[in-house]
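Asker: Here it is, the structure, as structure tokens.
All of the numbers you see were taken from the coordinates with simple rules; none came from a lab. From a predicted model like this one, the values you see are computed outputs, not experimental measurements. Backbone-built Cβ (ideal geometry, glycine too); neighbour counts: all protein chains shown.
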Amino acid sequence: MEELQNVVRDGGLAVSNLPEKGRCLLTTKNFNPGEVILRQEPYVCVPNNSSTVSRCDGCFASESLKKCSACQVVWYCGSTCQKSEWKLHRLECNALSRLEKEKRKAVTPSIRLMVRLYLRRKLQNEMFIPTTVTDSYNFVEALVSHLKDLDEKQLVLYAQMANLVHFILQWPEINLKEIAENFSKLACNAHTICDCELRPLGTGLYPVVSIINHSCMPNAVLTFEGKSSVVRAVEHIPEGAEVSIAYIDTAGSTMTRQKALKEQYFFTCTCPRCIKVYDDIQESAILEGYRCKDDRCNGFLLRDSEDKGFICQTCGLRRSKEEVKRIVCEITAISDKKLKSTSPGNHEEVISLYKMIEKLQMELCHPFSISLMRTQEELLKILMELGDWREALAYCRLTITGYQRVYPEPHPLLGLQYYTCGKIEWLLGYTEDAIKSLTRAVDILRITHGTNSPFMKELMMKLDEAHAEASYNLSSKDE
Ligand SMILES: [Zn+2]
Ligand SMILES: [Zn+2]
Ligand SMILES: [Zn+2]
Ligand SMILES: [Zn+2]
């Protein structure tokens, strides 16, 4: 602990142990919005490869990959990445190569992550890889496992996974219970590695980052540059404050967020947003409840005392339980059809089903409903794939209105949505609008992502181009 304090102290941080929270990360200096609080390489990580997606083990790139010829499990983009990963993969490759072909298919990313965790510990114990305070298996030992909170089914699953890890490693002295416990630790403490646009690429364990606690109103954000994790302040953080990030999507009502946190992380959040009980009744009725029968009314609905339906809190109109139920059933039926009967690539059919769902949700849900917003996000995605820019723009603008409500600034998702909007406006030749959207994107993303990544450089270049075009248009008008 003392050695760790010495390491983080130079970065203006301190590790503390609070009785109600366990370990947490505190600041010992002020941090400004956008300032990097912490950067860390993973202790171990793996790409989320599957039968359909492959990424390089070294850099997570997905293009021009070659399989490791020996084990046929791991992919590399070239010899540089293969060499940089070789120390650890040499042992892993031997172990994987011993498996029958069928068994190799069972080696999922989570199994590989655990195998690599043990191999890294071995290499550090045998001094083939140096150990430092922040780069050591001791960190894994200090993590809380929540094994006691797991249900029978989960315990059985972890036991089976531990058996497979044992089978792969073939170490006679290995402790199966410890492996199962480590699976439970990784489930609460490993982080999903995302690209700049927050699309998941893999999973990694970042020991110091895992000390940071959750808040539904976090003062910091975790992003990744390749495999390195970067934690940045999203607001002014004064000296002596606790650093917090969001473990879950913070868009939901308090009940929804609490449920997600309890199920995956086994704690009850007591952040400022979670303890405001009064506001939440209204907020959850807006985000997850129904709309008023009167189209022109924006009131939110609460269940009536006789449990016959839902009453608008603005105009007093009632919606019956039966009516609500009927629309919910219709939506479920269409969603099922969408899952079952649409063939991949049949965009037209998928769009028409999503539009039917959207129409029903507009009839059923409050205009600021999260489920409606999710449907519109899906429509935006497909319309962009189809290159239907005009309609995509309409949906992108709709989602931004929703995001502004559920992702308070400077939230990376809001910034990314402005970026998408700006790109579509630019494609359609709406230069002035594109400048506005791209400027909003830069304002937010420079805080959450910094300004040095290729991703941000590209965004700023697009904004420059848009400015140049606007002034060209202006000057040609003058002539
Ligand atoms: Zn690579
Ligand atoms: Zn290999
Ligand atoms: Zn909370
Ligand atoms: Zn009303």
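Asker: Roughly how many debye, to the nearest 20, is the charge dipole of segment 42-193 about its Cα centre, given +1 on each Lys and Arg Cβ, -1 on each Asp and Glu Cβ, and no other charges? Before the final figure, lay out each step's value.
Answerer: Numbers: 20 positive and 15 negative charges, 106 e Å.
With Lys and Arg at +1 and Asp and Glu at -1, about 520 debye.
Asker: Going by how many other beta carbons lie within 10 Å of each one, how would you line up 256, 28, fewest first? Spell out each step's value before the answer.
Answerer: Details: 256 17, 28 13.
The fewest-first ordering by Cβ neighbours comes to 28, 256.
Asker: Let me ask another. Please name which of 236, 62, 472 has its Cα lying farthest along the dipole of the chain towards the positive end, using unit charges on Cβ (Lys, Arg +1; Asp, Glu -1) and the Cα centre as origin.
Answerer: Of the listed residues, the answer is 62.
Asker: Please report the spacing between the Cα centers of segment 401-435 and segment 108-173 in Å, no decimals.
Answerer: For segment 401-435 versus segment 108-173, the Cα centre distance is 42 Å.
Asker: Please report, to one decimal in angstroms, the Kirkwood hydrodynamic radius of the chain built from all distinct Cα-Cα pairs. Show your work: numbers first, answer last.
Answerer: Values: mean 1/r = 0.0394 Å⁻¹.
When all Cα pairs of the chain are included, the Kirkwood radius is 25.4 Å.
Asker: Calculate how steeply helix 370-386 sits against the longest principal axis of the alpha-carbon atoms of the chain, using the helix alpha-carbon long axis, and give the answer as 0 to 90 degrees to the nearest 10.
Answerer: So the helix axis and the longest Cα principal axis differ by about 80 degrees.
Asker: Something else now. Could you list 320, 305, 62 so that the one with the fewest beta carbons within 10 Å of its beta carbon is first and the one with the most is last?
Answerer: Details: 320 13, 305 7, 62 16.
Fewest to most other Cβ atoms nearby, the residues stand as 305, 320, 62.
Asker: Something else: For segment 369-436, what does the alpha-carbon gyration tensor say about shape, rounded, prolate or oblate, given a ≥ b ≥ c as the root eigenvalues, a/c under 1.5 as rounded, and a/b over b/c as prolate?
Answerer: Details: a/c = 2.30, a/b = 1.22, b/c = 1.89.
It comes out oblate by the Cα gyration axes.
Asker: Rounded to the nearest 500, what is the 222 nm mean residue ellipticity of the chain from helices alone, with -39500 (n - 2.57) per DSSP H run of 4+ residues and division by all residues? Write down the numbers at each step before the final one.
Answerer: Working: 17 runs with 242 residues, N = 479.
Helix contribution divided over all residues of the chain: -16500 deg cm²/dmol.
Asker: Place a +1 charge on the Cβ of each Lys and Arg in the chain and a -1 charge on the Cβ of each Asp and Glu, then give the dipole magnitude about the Cα centre in debye, rounded to the nearest 20. Each step should come with its number before you reach the end.
Answerer: Working: 60 positive and 62 negative charges, 258 e Å.
It comes to approximately 1240 debye.
Asker: Using the Cα centre of the chain as origin and beta-carbon charges of +1 (Lys, Arg) and -1 (Asp, Glu), tell me which of 180, 268, 46 is placed farthest towards the positive end of the dipole.
Answerer: The one lying farthest along the dipole's positive direction is 180.
Asker: State the extension gain, in nm to one decimal, for the chain segment bounded by residue 335 and residue 473, taking 0.36 nm per residue of separation less the distance between their alpha-carbons.
Answerer: Details: separation 138, 0.36 × 138 = 49.68 nm, distance 4.63 nm.
Length gained, residue 335 through residue 473: 45.0 nm.
Asker: Where does segment 419-479 land on the Kirkwood hydrodynamic radius, alpha-carbon pairs, in angstrom?
Answerer: On the way: mean 1/r = 0.0847 Å⁻¹.
One decimal place: 11.8 Å for the Kirkwood radius.
Asker: Right, here's the next one. Given the C-alpha centroids of segment 4-75 and segment 297-343, what is the distance between them in whole angstrom?
Answerer: Their Cα centres are 43 Å away from one another.
Asker: Want the number for residue 317 to residue 156: 0.36 nm per residue separation, take away the alpha-carbon distance, what's left?
Answerer: Numbers: separation 161, 0.36 × 161 = 57.96 nm, distance 5.07 nm.
Result for the pair: 52.9 nm of gain on full extension.
Asker: Starting from the Cα of residue 385, move 7 Å in the Cα-to-Cβ direction to define the label point; list residues of segment 392-416 whose amide nitrogen is under 13 Å from there.
Answerer: Those under the cut-off are none; the list is empty.
Asker: Where does each of 323, 63 land when they are ranked from fewest to most other beta-carbon atoms within 10 angstrom? Numbers along the way, then the final one.
Answerer: Values: 323 16, 63 8.
Result, fewest neighbours first: 63, 323.
Asker: Can you give the FRET efficiency for residue 105 and residue 432, using 1/(1 + (r/R0)^6), R0 = 56 Å, r = Cβ-Cβ distance, to the nearest 0.05? Present the calculation step by step, with values, prior to reporting the outcome.
Answerer: On the way: r = 53 Å, r/R0 = 0.95.
Computed FRET efficiency for residue 105 and residue 432: 0.55.
Asker: Still on this structure, please answer the following. Could you tell me the relative contact order of segment 407-479? Use alpha-carbon pairs under 8 Å, at least six residues apart, and round to a whole percent. List each step's numbers first, then the result.
Answerer: Details: 72 pairs, mean separation 22.7, N = 73.
Worked out over segment 407-479, it gives 31 percent.
Asker: Checking the table 29/185; 457/477; 359/381 against a 20 Å threshold on Cα-Cα, which pairs fail?
Answerer: Details: 29/185 31 Å; 457/477 30 Å; 359/381 18 Å.
Correct reply: 29/185; 457/477.
Asker: OK, next. If you count the DSSP beta bridges with both ends in the chain, what percent of them are antiparallel, to the nearest 5? Spell out each step's value before the answer.
Answerer: Values: 36 of 39 bridges.
Restricted to the chain, the bridges split so that about 90 percent are antiparallel.
Asker: Sticking with this one: Given charges of +1 on the Cβ of Lys and Arg and -1 on the Cβ of Asp and Glu, with all other atoms neutral, how large is the dipole of segment 407-479 about its Cα centre, in debye to the nearest 20? The partial results should precede the final answer.
Answerer: On the way: 7 positive and 11 negative charges, 63 e Å.
Value, rounded to 20: 300 debye.
Asker: Using +1 at the Cβ of each Lys and Arg and -1 at the Cβ of each Asp and Glu in segment 97-162, identify which of 162, 99, 124 lies farthest towards the dipole's positive end.
Answerer: 99
Asker: Here is a follow-up. Run the numbers for residue 64 and residue 439: contour at 0.36 nm per residue of separation, minus the present Cα-Cα distance, in nm. The partial results should precede the final answer.
Answerer: Numbers: separation 375, 0.36 × 375 = 135.00 nm, distance 3.44 nm.
Separation in residues times 0.36 nm, less the Cα-Cα distance, equals 131.6 nm.
Asker: Could you give the nm distance between label points at residue 255 and residue 28, where each point is 7 Å from its Cα heading toward the beta carbon?
Answerer: Roughly 4.5 nm, to one decimal.
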